[in-house]
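K.L.:
Sharing a structure, written as structure tokens. Questions coming.
The values are calculated or read from the model by the stated rules, or taken from the named source; none is laboratory data. Every value quoted in this text rests on a predicted model; they were computed, and no experiment measured them. In this analysis, Cβ positions are derived from the backbone assuming ideal geometry, glycine residues included, and neighbour counts consider all displayed protein chains. Side chains included, ligands, DNA and RNA excluded: accessible areas come from the protein's heavy atoms. Shrake-Rupley method; radii C 1.70, N 1.55, O 1.52, S 1.80 Å.
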Amino acid sequence: MDSLRSRRTDPDPPFRDESASTPEKHWVGRSFGAAASGYDGVAVLQRQVGQRLLQRLCAAVPSADAVLDLGAGTGYFTERLRTSFKEAQCLALDLAEGMLRHLREKRQCAREAGLVVGDAECLPFAAGTFDVIFANMVFQWCGSLPAAFAECARVLRPGGVLAFSMFGEGSLCELREAWSRIDSYSHVNTFPARGSVAAGLRASGFSLSEVKSVRQRRCYPSLLALMRELKALGAHNVTRDRPRHLLGRGTLERLAQVYEKRADGSSIPATFEVLSAVVRK
């Protein structure tokens, strides 16, 4: 991309995890890039979670000189970080070039914030670059949480703060259970447990009081509506052992029959577990 700093990262970062349930990084970038134009129209939960996270961050850090919006996506929170930290240099990094292209074209903050294509597990910055890292709904797409947390610790200055949210293992449990009754493939992204997130933070040198866990239940008119939203968010299945063949109509109909037994009246539920923390190096 002509006006983005495209910094390609090491294809084999430390702690690389290629187990079947981990996200396939190439497809994560492609999936979110393709979803960029419609993302803001469906990212209701992501905005709600991010707004609460930003409030917690601003209460903990009243001012900063350098801020990184990690996994900036379309730049919704890049704009708000620019407003909250008016004196700071702000950089927006994302794995998906399509997301940053959308940010550059649609967000006013693009004239002031630096845009960088990069990987959270191998950040293209010198040690001690930032006072604040804001990462809303990002780390669940990393192959290795230890690598991502270690990189955040490396590029933060002493006393710097990481504020993050991510999906936890309880997310989409209904969809995962329904698919398990259909076949043995991985159809749903795997999300980390709260305990493993806390352990990863401590191992990377962050002070930690608590990783908060909140479960939110959202309702959809049908299974198809849920799956369409996941696709529009770029959040459909990108695990390594996902099925590589097209799913037939009969398979999806059987899945709907299994899932929709959970229906409450005219809607079906979907659970999202959100993990979050504001931690200091």
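K.L.:
With each label point set 7 Å from Cα along the Cα-Cβ vector, what nm distance links residue 108 and residue 59?
P.N.:
2.8
K.L.:
Still on this structure: Run the simple label-point estimate for residue 214 and residue 182 please: 7 Å along Cα→C-beta, distance reported in nm.
P.N.:
3.1
K.L.:
Local charge sum around residue 152 (other residues, Cβ-Cβ under 11 Å, Lys/Arg +1, Asp/Glu -1)? The partial results should precede the final answer.
P.N.:
Working: positive: 154, 281; negative: 121, 151.
Surrounding charge for residue 152 is 0.
K.L.:
Give, as ranges by residue number, the residues of the range 121-142 whose backbone N falls under 19 Å from the point 7 Å along Cα→Cβ of residue 154.
P.N.:
121-135, 139-142
K.L.:
I would also like to ask the following. At a threshold of 8 angstrom on Cα-Cα distance, excluding pairs fewer than six apart, so keeping six or more, what relative contact order does the range 130-209 reach in percent? Intermediate values should be presented prior to the final figure.
P.N.:
Details: 83 pairs, mean separation 28.7, N = 80.
It rounds to 36 percent for the range 130-209.
K.L.:
Suppose each label sits 7 Å from its Cα in the direction of the beta carbon; what would the residue 127-residue 231 distance come out to in nanometres?
P.N.:
Between residue 127 and residue 231, the label points sit 4.7 nm apart.
K.L.:
Between rounded, prolate and oblate, where does the range 28-167 land on the alpha carbon gyration tensor, with a ≥ b ≥ c its root eigenvalues, rounded for a/c under 1.5, else prolate if a/b exceeds b/c? Mind dumping the intermediate values first?
P.N.:
Working: a/c = 1.40, a/b = 1.19, b/c = 1.18.
Rounded is the answer for the range 28-167, as its axis ratio a/c remains below 1.5.
K.L.:
If you rank 209, 165 by how much accessible surface each has, with a 1.4 Å probe, what is the order from largest down?
P.N.:
Numbers: 209 115, 165 0 Å².
The ordering from most to least exposed comes out as 209, 165.
K.L.:
Magnitude of the Cβ-charge dipole of the range 37-129, K/R +1 and D/E -1, about the Cα centre, nearest 20 debye? It would help to have the intermediate numbers written out before the result.
P.N.:
Numbers: 11 positive and 11 negative charges, 79 e Å.
The calculated dipole for the range 37-129 is roughly 380 debye.
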